[in-house]
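The values are calculated or read from the model by the stated rules, or taken from the named source; none is laboratory data. This is a predicted model, so every value here is computed, not measured. Every residue, glycine as well, gets a Cβ built from its backbone with ideal geometry; the counts of neighbours run over all protein chains shown. Side chains included, ligands, DNA and RNA excluded: accessible areas come from the protein's heavy atoms. Shrake-Rupley method; radii C 1.70, N 1.55, O 1.52, S 1.80 Å.
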Amino acid sequence: MSRRGSVAWMCLPRFDSPAAFASLLGTPEHGHWTIAPAEDGPAVVSVERTYEGDSFLLRTRWTLADGGVVDVVDCMPVGDRRADLVRRVTGVEGRVELRQELVIRFGYGAVVPWVRRVGGKGELAKGLLASAGPDAVLLRTTGKLPKARGRTHVGKIKVAAGEVVDTVLTWYPSHREPPAAMEVGDRLESTRRWWQEWADRGDGPAAKGTYGAAVTRSLLVLRALTHEDTGGIVAAATTSLPEMPGGTRNWDYRFCWLRDAALTLEALIEHGYTEEAREWRGWLLRAIAGDPEDLQIMYGVDGARDLPERELDHLPGFGGARPVRIGNGAVDQYQADVLGEVMVALDAARRAGLSEDEFSWPMQRALLDFVVAHSSRKDSGIWEMRGPEQYYVHSRVMVWAALDRGVRAVRERGLDGPADRWAALRDQVRAEVMEHGVDHGTADRPGRGCFVQHYGTTEVDASLLQLPQVGFVEPDHPAMAATVAAVESDLVPDGLVIRYRTEASSDGLPPGEHPFLACSFWLVEQYARSGRAQDGHDLMRRLVGLSNDVGLLSEEYDVHEGHQLGNTPQALSHLALVRAADALAAADRRSGGHERADHHDAEELER
């Protein structure tokens, strides 16, 4: 939902379904639904967007030059296993005329549906029905239905103070009867209450601290990126929003990466959401069932394995950034770090009180068998490099972490497994990393003493900031101190952290990218855990201030142009924010502070 009142991206009925509104990646003709003040009416003085409390009911308030004020509340109701978008228009002051423009295009803007009026009795019975192939959407309203103007449907919504017009768009399979009309007021209230009650369940170190509002919103985002039926957690809700304006680094993130989902679980568990861990563990068991040798790094929302990457030539891309991609070719990569993150998350779930069932520990043993069998294999790394495979240090450390959590499960929790064999391999991997994954220098060149991106290079990589997070070294270990210094020297060009130097990498793509928000939050966490809490607060304040007007973060940030880049909202950015806030809260408690942020108080931070 844009500040211009337009739904420019909407996939129905799931995150990874084809979009019915795709103008975000093209033109208005590729599908949108706009409700905004009439262009020939009084000028718009201001547009304010807020979420209602701790929910995802988005309220957009338009204030006009003649004193008119109108609210539009957008909501996707939860808990009814339907795919609805509700748009409620409420007059606040004066009399306001809004224009409505509806362009439905299935298949990512490529398929023009057959649209017709349908009859019925009752307030929300009459509607516009658009159908094509397997898809149908039904628009119902308590006002006047928009009328056809070519392949667009247009209309007006007029409200005075206190008047309400509800419009509901419902997707359903075209071969079935449409779902019954809903009672809009009840569904809005029940959805608001559901989100608020979910948010109220959360606790944890930073839940009510200086960054409490940002933490709560981030946890809500992580829950919103979790599919209600399957428990699958997607990395982001969009595809092909570019990492570089006009560039080719445009990827589809509407899938379930094991890594991102596992890291999301850790953040949720830390704040008391253990039931979500149970749901995801069930999803994981279904997704990877069978031979561990068939393991993938990512799956569809429902656990689907076939995610071929292809390009949509009919879409010009966001800001002209092409190609527009759906699917993701990284599904075929080997990324050795993934099972480390999974095992760390499942270990956190055990420590939080989630007991193993008859399938969950055997599944983890099978994953560890896979780790052992592939423990000497090179990989493509956390950043999905499309160049030659390497021994990436972050990946090697995550192999260590997977084995370490297996050993802990046996020795500390009494589960069955060859702990001694796992421990021996774990210690072997650690010794290897300390020998080959640290810049020790040569006879001709003094080393920096830092961890490196992969064996055989002196380059650093922001993923190295995660090494203390899994316990491989302490945050103040000399090699980590040297790594932080190298990251600050090489990867912080504008005060924020880039992933790696693309011009010195083998990622298989043209060089150049902007700071990666998750990496910057990792640096905050490292500062907090290594005695540099004030540096952490300074960077944290800046990062939280980069959120958009409703607290959402994308993947990257363009410091010079002052706007977000990449797919949004990005799970990795929000979960890293939560971890960073938790680390700062813990650091402040250790130092006897009260989650201070220098002279900036919470009220100033929220402004």
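Of all residues in segment 547-572, which are assigned to a helix (DSSP H, G or I) and either open to solvent by 10 Å² or more (accessible area, probe 1.4 Å) or in contact with a Phe, Trp or Tyr (Cβ under 7 Å, 6 or more places away or on another chain) (or both)?
Leu572
If I ask for residues that are surrounded by fewer than 22 Cβ atoms within 10 Å (Cβ to Cβ) and either without any contact (Cβ under 8 Å) to a residue 40 or more places away in the chain or farther than 21 Å from Leu415 by Cβ (or both), which ones from segment 358-372 would you list?
Those that are surrounded by fewer than 22 Cβ atoms within 10 Å (Cβ to Cβ) and either without any contact (Cβ under 8 Å) to a residue 40 or more places away in the chain or farther than 21 Å from Leu415 by Cβ (or both): Glu358, Pro362.
Based on this model, can you work out whether Ser520 counts as part of a helix (DSSP H, G or I), at pLDDT 95 or above and surrounded by fewer than 24 Cβ atoms within 10 Å (Cβ to Cβ)?
no
For the subset of segment 256-280 comprising residues that are open to solvent by less than 10 Å² (accessible area, probe 1.4 Å) and assigned to a loop (DSSP other than H, G, I, E, B), which member is farthest from Val331 (Cα to Cα)?
The residue in question is His271.
State yes or no: is Gly340 part of a helix (DSSP H, G or I), under 25 Å from the mean Cα position of the chain (by Cα), surrounded by fewer than 20 Cβ atoms within 10 Å (Cβ to Cβ) and not aliphatic (A, V, I, L, M)?
Spelling it out, it is not the case that Gly340 is part of a helix (DSSP H, G or I), under 25 Å from the mean Cα position of the chain (by Cα), surrounded by fewer than 20 Cβ atoms within 10 Å (Cβ to Cβ) and not aliphatic (A, V, I, L, M).
Only one of (1) in a helix (DSSP H, G or I); (2) over 22 Å from the mean Cα position of the chain (by Cα) is not met by Ala348, so which one is it?
(2)
Quick test of your reading of the structure: Ala43 fulfils all but one of (1) open to solvent by less than 30 Å² (accessible area, probe 1.4 Å); (2) of a type in the set (A, V, I, L, M); (3) farther than 24 Å from Leu220 by Cβ. Name the failing condition by number.
The single condition Ala43 does not satisfy is (1).
Against the conditions (1) farther than 30 Å from Pro42 by Cβ; (2) surrounded by fewer than 20 Cβ atoms within 10 Å (Cβ to Cβ), where does Ile233 fall short? Just the number, please.
(2)
Working only within segment 533-546, note down all residues that are open to solvent by less than 30 Å² (accessible area, probe 1.4 Å) and assigned to a loop (DSSP other than H, G, I, E, B).
Correct list: Leu546 only.
Counting only residues that are over 26 Å from Pro37 (Cα atoms), among the charged types (D, E, K, R) and open to solvent by 50 Å² or more (accessible area, probe 1.4 Å), how many does segment 61-93 have?
2
To keep it simple, each residue is scored yes or no on (1) modelled with pLDDT of 95 or more; (2) under 23 Å from the mean Cα position of the chain (by Cα).
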site	(1), (2)
Glu503	no, no
Arg532	yes, no
Ser547	yes, yes
Leu565	yes, yes
Val578	yes, yes
Ala583	yes, yes
Glu595	no, no
Asp601	no, no
Glu604	no, no
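Would you point out the residue of segment 453-479, among those that are buried (at least 24 other Cβ atoms within 10 Å of the Cβ) and touching a Leu at 6+ places or on another chain (Cβ under 7 Å), that is nearest to Asp535 (Cα to Cα)?
Leu465
Need at least 1 residues that are in contact (Cβ under 8 Å) with a residue 12 or more places away in the chain, open to solvent by 10 Å² or more (accessible area, probe 1.4 Å) and among the charged types (D, E, K, R) per element, so show me which strands (runs of 3 or more DSSP E) inside segment 94-183 make the cut, counting only ones lying wholly within it.
95-103, 114-118, 135-141, 152-160, 164-173
So which residues in segment 41-60 are under 26 Å from the mean Cα position of the chain (by Cα) and either farther than 26 Å from His153 by Cα or part of a loop (DSSP other than H, G, I, E, B) (or both), if there are any at all?
The answer is Glu48, Thr50, Tyr51, Glu52, Gly53, Asp54, Ser55, Phe56, Leu57.
For segment 61-93, what are the residues that are assigned to a strand (DSSP E or B) and of a type outside the set (A, V, I, L, M)?
Arg61, Trp62, Thr63, Asp71, Asp74, Cys75, Asp84, Arg87, Arg88, Thr90, Gly91, Glu93
If I ask for residues that are assigned to a helix (DSSP H, G or I), of a type outside the set (Asp, Glu) and open to solvent by 40 Å² or more (accessible area, probe 1.4 Å), which ones from segment 481-502 would you list?
Result: Ala481, Ala485, Ser489.
Does at least one position in segment 188-197 carry a residue that is aromatic (Phe, Trp, Tyr), assigned to a helix (DSSP H, G or I), in contact with a Leu (Cβ under 9 Å, 6 or more places away or on another chain) and in contact (Cβ under 8 Å) with a residue 60 or more places away in the chain?
yes
Considering only residues of segment 8-40 that are in a loop (DSSP other than H, G, I, E, B) and hydrophobic (A, V, I, L, M, F, W, C), which is surrounded by the most Cβ atoms within 10 Å (Cβ to Cβ)?
Of the residues in segment 8-40, the ones in a loop (DSSP other than H, G, I, E, B) are 8-9, 12-18, 22, 26-27, 31, 38-40.
Subsequent filtering for residues that are hydrophobic (A, V, I, L, M, F, W, C) retains 8-9, 12, 15, 22, 38.
Values: Ala8: 21, Trp9: 22, Leu12: 20, Phe15: 22, Ala22: 29, Ala38: 15.
Top of the filtered list is Ala22.
Within segment 286-322, count every residue that is within 29 Å of Gln564 (Cβ to Cβ), outside any loop (DSSP other than H, G, I, E, B) and open to solvent by less than 60 Å² (accessible area, probe 1.4 Å).
3
In segment 395-452, which residues are open to solvent by 10 Å² or more (accessible area, probe 1.4 Å) and in a strand (DSSP E or B)?
Of everything in segment 395-452, those that are open to solvent by 10 Å² or more (accessible area, probe 1.4 Å) and in a strand (DSSP E or B) turn out to be Val438, Gly441, Pro446.
Go through (1) without any contact (Cβ under 8 Å) to a residue 60 or more places away in the chain; (2) open to solvent by 10 Å² or more (accessible area, probe 1.4 Å) and name the single condition Pro510 misses.
Here Pro510 meets the rest and fails (1).
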